[in-house]
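Following: one structure in structure tokens, then a few remarks.
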Amino acid sequence: ARRMDGGSGGLGSGDNAPTTEALFVALGAGVTALSHPLLYVKLLIQVGHEPMPPTLGTNVLGRKVLYLPSFFTYAKYIVQVDGKIGLFRGLSPRLMSNALSTVTRGSMKKVFPPDEIEQVSNKDDMKTSLKKVVKETSYEMMMQCVSRMLAHPLHVISMRCMVQFVGREAKYSGVLSSIGKIFKEEGLLGFFVGLIPHLLGDVVFLWGCNLLAHFINAYLVDDSVSDTPGGLGNDQNPGSQFSQALAIRSYTKFVMGIAVSMLTYPFLLVGDLMAVNNCGLQAGLPPYSPVFKSWIHCWKYLSVQGQLFRGSSLLFRRVSSGSCFALE
């Protein structure tokens, strides 16, 4: 999951910093645990595992199309095979990865305090406000890239633990044993497979989201009345324009984040596929996947197959003409 906490705020400071940081880790762990089945099903779909055949249905135009199982049907199948606990396969290393990422970001905020970055004000001119957005985004990018690199080895272990469902393997059973296997078989670089597309996706997401939100707020949101006493909009409806402008500004970055995350999804897909490719598990070998020479090779292969957005939808999944799914 990409972070949109910005360059301000953070994990607290002073005497309450350890308590606040622990609270963030605990809250993050709860959200991670609750969302894990969703990510688990998404990953199995990403690697092309379709254990149930498509069903015939109709689209909004009334045409007959083939639909692949939705998230709920897929999750029910996993429960039938592994029980309810099976939905949380690979959760432990993912919790550790997210906790490490949170602690890393908190530590970096202490070393490089975000308070040194001036926040964008409505009174700034375009050149000044853009300069502040660039500075803030650079700060966010630095934190995200460092935390991503440190947590990526645990992300790789988590991905491999989950895709073992495909071939019913038990090669990666624990964090420590998995670390030993990866180091022995692949060396140090084995912990960082798939890192580059993830980093590129994070960078494109941050810059795209922040710059788009900035230009929309600067050019499309009218706050020309923001300096009037009490924020009065006009005589007929005092304060309405100002309150509407604030509301729009507060949601612009969130909406842009959703839009940009869809555009950068291929980076996430390629990174996850590279994390499990040719690692000795069935999910990373033919017929599920070719052995990719690099993440660029993986990207080109998915592009030719028309599968760069495979797994992006978990509810209405149509069978495409270029589908390369392996059916059991």
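The values are calculated or read from the model by the stated rules, or taken from the named source; none is laboratory data. All values derive from a computational prediction rather than experimental measurement. Quick reminder, even Gly has a Cβ in these numbers, built from the backbone with ideal geometry, and neighbours come from all protein chains shown. Ligands, DNA and RNA are stripped out before the accessible areas are found, and what is left, the full protein with its side chains, is counted by its heavy atoms. Shrake-Rupley method; radii C 1.70, N 1.55, O 1.52, S 1.80 Å.
Heavy atoms of the protein only, probe of 1.4 Å, neighbouring chains included. What is the accessible area of THR19 in Å², nearest 10?
Surface accessible to solvent at THR19 totals approximately 100 Å².
Obtain the nm distance between the two label points defined at ALA26 and PHE72 by a simple spin-label model: each point lies 7 Å from its Cα along the Cα-to-C-beta direction.
3.4 nm
In nm², what is the average projected area of the convex hull enclosing the Cα atoms of segment 62-118?
That works out to 8.8 nm², a quarter of the Cα hull's surface.
Would you tally the net charge around GLN164, using a Cβ to Cβ cut-off of less than 13 Å, leaving GLN164 out, and scoring K and R as +1, D and E as -1?
Residues near GLN164 contribute +3 overall.
Rounded to whole Hz and in sequence order, give me ³J(HN,Hα) for segment 76-85 from the Karplus expression 6.51 cos²θ - 1.76 cosθ + 1.60, θ = phi - 60°, writing x for Gly and Pro.
5, 5, 4, 4, 5, 7, 10, x, 4, 5
Got a sec? Which residues in segment 177-218 would a label at SER35 touch, if it sits 7 Å along Cα→Cβ and we count backbone N under 15 Å?
202
Find how much the distance from ILE85 to LYS171 grows on full extension, using 0.36 nm per residue of separation minus their present alpha carbon separation; answer in nm with one decimal.
Taking ILE85 through LYS171 to full extension adds about 29.1 nm, to one decimal.
In what order, largest first, do ILE196, ILE216, ILE157 sit by accessible area if the probe radius is 1.4 Å?
Ranked list, largest accessible area first: ILE196, ILE216, ILE157.
How do the peptides 129-136, 38-45, 81-88 rank, highest first, by the average count of neighbouring beta carbon atoms within 10 Å per residue?
38-45, 129-136, 81-88
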